[in-house]
Every structure is written in structure tokens, then in C-alpha cells.
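This report concerns only the one structure given below.
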Amino acid sequence: MSAFYTDYRSGKRRQVILVILGTALVLVGLWFGLIRPQQRSLAKLAASMEASQRKLDTVRKTVAGAQKLEEELAAASAYLAKLEENMATGDYYSWVINQIRQFKLGYRVDIPQFGTIVGPADMPVLPNFPYKQVTLSVGGTGYFHDIGRFIADYENEFPYSRIQNLELEPAAASSGVDKEKLQFRMEIVTLVRPGPRS
């Protein structure tokens with residue numbers, strides 16, 4: 001009976017080992033057949049969701065930036081419209097001379113000489129620029145620092161105008177003018193208001 005019992009025990013042991021091995025094989029099969037592909041699928045899905053979230057964040061930032069850009073564009077358009085209201089219109093010669101005479105009142109600069117006005121002409125620096133320009137030559141006298149302050153303040157006050165071709169030389173001493181005074185010639189270039197936009 002002990003041989004039978006030993007065989008029986010040995011058979012049971014084999015069965016238990018086979019069941020353990022079978023279970024292990026089934027578990028390994030389940031791991032590689034079901035769980036691992038599901039984990040890969042979940043990882044891909046998580047990466048896809050993260051990429052979609054990044055795209056969504058980018059779109060939200062773009063929309064917020066577009067709104068800010070629209071506000072900046074509206075402010076710039078209003079500023080441009082305000083500048084255009086003050087640009088030269090009608091008789092350009094009279095307009096520029098009156099502007100210079102009014103502006104020079106606060107400065108110790110004498111500007112008695114006005115040349116002929118040239119223009120309106122296209123801007124030579126910027127192609128397809130929507131504004132035209134007129135150029136007026138002026139001449140006068142003043143002290144160096146007064147002339148410099150006048151020019152700087154004029155260009156700051158009227159951002160659509162600029163001074164070019166400035167020439168300075170000592171004022172004629174024979175006329176009894178102070179030796180430190182200078183005679184100047186310069187061109188004032190100003191943009192003119194465009195016609196109605198279509």
C-alpha cells in the first residue's frame with residue numbers, strides 16, 4: 001500500500017505541478033495576449049490625449065492673442081486716423097507755411113525764406129506706400145541750440161513730417177548779426193492726407 005500511496009502522492013504532485021505550470025502558462029498567455037497590448041493601447045491613447053491637449057492649449061492661446069491683436073489693431077487704426085486728420089490737405093504750400101509759422105512762435109528761430117513746394121510725389125524710400133509727400137525748402141537764422149531744439153520738437157510734434165538736407169553756416173556778419181548766429185537751409189517733407197479709400 002505504501003507503493004500505491006507513493007504513486008498516488010507522486011501523481012498528485014505531478015498534477016499540482018502541471019496545474020501550476022498550466023496556470024503560469026495561461027497567465028503568461030493572458031499577459032502577452034491581452035494585458036500587454038491593452039497597456040500599449042492605453043499608453044498610445046494617453047500620448048494622443050496629451051498631444052490633443054497641447055493643440056487645444058495652442059488654439060486657446062491663439063484665440064486669446066487674436067483678440068488682443070484686434071484690440072491693438074483698433075487702437076493703431078484710431079491713432080492713424082487721428083494723425084491723418086492733421087495731415088496736409090488742400091493748398092499744400094499754404095498749409096505747410098502756416099504750420100511752420102504757428103509752430104516757430106515758441107522758438108527763437110527766424111524763418112523768412114520759403115521756397116516752392118514740390119509734390120505731391122511718391123515716397124522714394126518705401127515702395128507701395130499709401131501716402132504721398134510734399135517737400136518745401138525753408139531758410140532762416142538762429143542759434144545752434146535753438147535750431148536743434150526747433151528741429152527735434154518739430155519732428156516729435158508732427159510724426160508725419162521730417163527735416164532733411166539741413167545746411168548750417170555762419171550768418172552774414174556784415175549785417176550786424178550776432179557772430180554766434182547761424183544761417184540754415186533745410187527741406188521739410190510732410191505726408192499728405194490720402195484720398196478716400198476704396
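Quick note: the coordinates plus some simple rules give every number you see, no bench work behind them. These figures come from a predicted structure and were not determined experimentally. Here the Cβ is made from the backbone with ideal geometry for all residues, glycine too, and neighbour counts use every protein chain on show.
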| Between Thr116 and Ile163, what is the FRET efficiency for a Förster distance of 25 Å, r being their Cβ-Cβ separation, to the nearest 0.05? | 0.90
| query | Ranked from highest to lowest mean number of other Cβ atoms within 10 Å per residue, what is the order of the peptides 146-158, 68-80? | reply | 146-158, 68-80
| Roughly how tilted is helix 144-157, in degrees to the nearest 10 and between 0 and 90, from the longest Cα axis of the chain? | 50 degrees
| query | Among Ser94, Pro130, Trp31, whose Cα lies farthest out toward the positive end of the dipole of the chain, if unit charges sit on the beta carbon of Lys, Arg (+1) and Asp, Glu (-1)? | reply | Trp31
| GNM result for the chain, Cα springs below 10 Å: residue of Gln39, Gln164, Gln183 fluctuating most strongly | Gln39
| request: Of the DSSP beta bridges with both residues in the chain, give the percent that are antiparallel, rounding to the nearest 5. | output: 95 percent
| request: Could you bin all the Cα-Cα distances of segment 69-162 into 5 Å bins starting at 0 and give me the percent of pairs in each, rounded to whole numbers? | output: 2, 11, 18, 22, 19, 13, 8, 4, 2, 0
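May I ask you to work out the translational diffusion coefficient for segment 1-86 at 4 °C, viscosity 1.567 mPa s, via Stokes-Einstein with Rh from the Kirkwood sum over Cα pairs, reported in whole µm²/s? It would help to have the intermediate numbers written out before the result.
Numbers: Rh = 20.0 Å.
Here the translational diffusion coefficient equals 65 µm²/s.
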| query | Which links in Lys132/Lys179; Lys82/Lys104; Lys104/Lys132; Lys104/Lys179 stretch past 29 Å when you go from one Cα to the other? | reply | Lys132/Lys179
| 37 °C / 0.692 mPa s Stokes-Einstein diffusion coefficient of the chain, Kirkwood radius on C-alpha pairs, µm²/s | 132 µm²/s
| query | Looking only at Val134, Val125, Val19, which one moves most when the chain is put into a Gaussian network model with springs between Cα atoms under 10 Å? | reply | Val19
| note | For segment 103-114, Karplus-derived ³J(HN,Hα) couplings (6.51, -1.76, 1.60; θ = phi - 60°; whole Hz; x for glycine and proline) come out as 6, 6, 4, x, 10, 8, 10, 9, 10, x, 9, 10
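How much mean residue ellipticity at 222 nm does the chain get from its helices, if each DSSP H run of length 4 or more adds -39500 (n - 2.57) and you divide by all residues, to the nearest 500 deg cm²/dmol? Don't skip to the answer; put the middle values down first.
Values: 4 runs with 106 residues, N = 198.
Result for the chain, helices only: -19000 deg cm²/dmol.
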| request: Name the most mobile residue of Gly106, Gly29, Gly139, meaning the one with the largest mean-square fluctuation, in a Gaussian network model of the chain with Cα contacts below 10 Å. | output: Gly29
| query | What size of dipole, in debye to the nearest 20, comes out for segment 92-192 about its Cα centre when the only charges are +1 on Lys and Arg C-beta atoms and -1 on Asp and Glu C-beta atoms? | reply | 160 debye
